[in-house]
Amino acid sequence: MEPTPYRHLLERQARVGSRRSVGWSICVFASREGARIRDCLSALQQTTSTWPAVELTVVVNGPAPATASAAQEALGGWRHPARVVEIALGDKANAWNQYIHGLRPEARWHLFVDGYVVPDTVGLGVLREHCEAAPAAQTAATGMPAGAHAGAVQMRDFVMRHGGILGGLHALRGEFVERLVARGLFQPWGLYRGDGLIGSWVCHDLDPCVNRWDKQRIIPVPQATWQGERLAPWSPRDLRTHWRRMHRQAQGRMENRAIKDIIYREGYEGLPESARDLVAHALELGPGSNDRSLFRRWLRTRAARSLRQAATPAPEAFLPRDGLA
C-alpha cells in the first residue's frame, strides 16, 4: 500500500543543523478571531514577560488576513522571539501537525492556547509552577474554562473525574513531544476533537495496547482558567454557529467511537490520516450508545453526509523553523 500524504511528508522531513532550545514554547492556534486575538496575546504577554527563554508561534489556519494582521500588530511589544505563520488549510488538526512536525523548537514544555480564549494571567503562572515541579511521569497539564454555565462545569468535571486535556489551554512536556514526533504520530486532518486524541496519547503513554489509561499523567490546574466567547441565543449569527457546532459534535462522537475501536487493536499507528476515514469507519460500526435518540441519529447522518460532500483537503508540506524573528 502506498503511504498516505502525511506519511510521505514525515518520510521527507529532514532536520538540518541544531535547533534553538527554549524553556517554554507557546503555540497559539487562530483562525477567524479577528481583533479578539489581541486579547489572547495581551494576556500571554503580561504573564510571560518575566519568564526566561520563551518563544511564541501564532499559527493562523485558513484565509484569515484580519486575524493574522491583528496578531502581527499585537506582537510589536513582545520581549521574546515571536512570529505569525499562515497556512492555507483551515483546519486546526493540520495546524497542530504543522507546529509539532515542522515549526516547534526544542523546549522543556510546550504551551498550547486557542486564539479565541483569554487566559487568566495568575492561573498561567500557577500552571507553569505545576509543570516545572512535576515528576517525569506527568507529561501534560490542562487548564479549564471559567464560569458557572453548564458547558464549563461539565468540562471541568470530566477532566477531574476521567482525565484528559482541554484544547483551549494545555501544556505538553517537551520530552513527550519528541517521543511523539519520533513515532511519526499526527492528528487526522479534519479532526474535531483533537484534544481527546492528545489526552489519549498522554494517558496511555503512547501505547494503548500495553499501558492502561492513567489520568495521573495529566496535571489538572483549576486555577488556569480562560474566558471564551459565549453565544447569544438571540443572535442569528450565533444561532448558525451553534447549529454548526451541533453538527461537529455529532462528527466528534463518531470520530471518538472509531478511534477507540482502532487504537486498542492496532495502536495509534493504525489511525487513518483524515476525519473522513474515521467517520466512514464509525458508520460501519453503527450508532454508539450516545446516538440512540432519533435526533442524535439524524444529526449523525447529516454530519456524515456533510463530511463526505466536503472537498478533500491536502495538507501542506511541513513548514521549517527557519525565519523566526
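The values are calculated or read from the model by the stated rules, or taken from the named source; none is laboratory data. Nothing here was measured: the structure is a model prediction, and the numbers come from that model. Please note: Cβ atoms are built from the backbone with ideal geometry, for glycine as well, and neighbour counts cover all protein chains shown.
Annotations
- Boolean, Arg173 is under 14 Å from Arg217 (Cβ atoms) and touching a helix residue (DSSP H, G or I) at 6+ places or on another chain (Cβ under 9 Å): yes
- Phe186 assigned to a loop (DSSP other than H, G, I, E, B), farther than 25 Å from Gly23 by Cβ and in the same structural domain as Ser25 (by TED's automatic domain parsing): yes
- Any hit, the range 83-92, residues being without any contact (Cβ under 8 Å) to a residue 60 or more places away in the chain, among the aliphatic types (A, V, I, L, M) and surrounded by 18 or more Cβ atoms within 10 Å (Cβ to Cβ): yes
- Selection within the range 49-62 - in a loop (DSSP other than H, G, I, E, B) and within 8 Å of Ser31 (Cα to Cα): Gly62
- Checking each residue in the range 250-271 for being outside any helix (DSSP H, G or I) and buried (at least 18 other Cβ atoms within 10 Å of the Cβ) picks out only Leu271.
- Any chance Ile219 is of a type outside the set (Phe, Trp, Tyr), buried (at least 21 other Cβ atoms within 10 Å of the Cβ) and either modelled with pLDDT of 95 or more or in contact with a helix residue (DSSP H, G or I) (Cβ under 7 Å, 6 or more places away or on another chain) (or both): no
- Annotation note: Cβ proximity below 7 Å between a residue of the range 190-201 that is over 16 Å from Ile263 (Cα atoms) and a residue that is assigned to a helix (DSSP H, G or I) (sequence gap 6+ or interchain) occurs for Gly190/Ala93; Gly190/Ala275; Gly190/Arg276; Tyr192/Arg248; Tyr192/Gln251; Tyr192/Gly252; Tyr192/Glu255; Tyr192/Ala275.
- Note on the range 12-48: residues that are modelled with pLDDT of 90 or more and not β-branched (Val, Ile, Thr) amount to 16.
- Between Pro81, Pro135, Pro65, Pro145, the distinction of being closer than 30 Å to Arg183 by Cα, at pLDDT below 95 and assigned by TED's automatic domain parsing to the domain that holds Phe29 belongs to Pro81 only.
- When Arg248 is tested against (1) at pLDDT 95 or above; (2) more than 22 Å from Ala133 (Cα to Cα), just one condition goes unmet, and that condition is (1).
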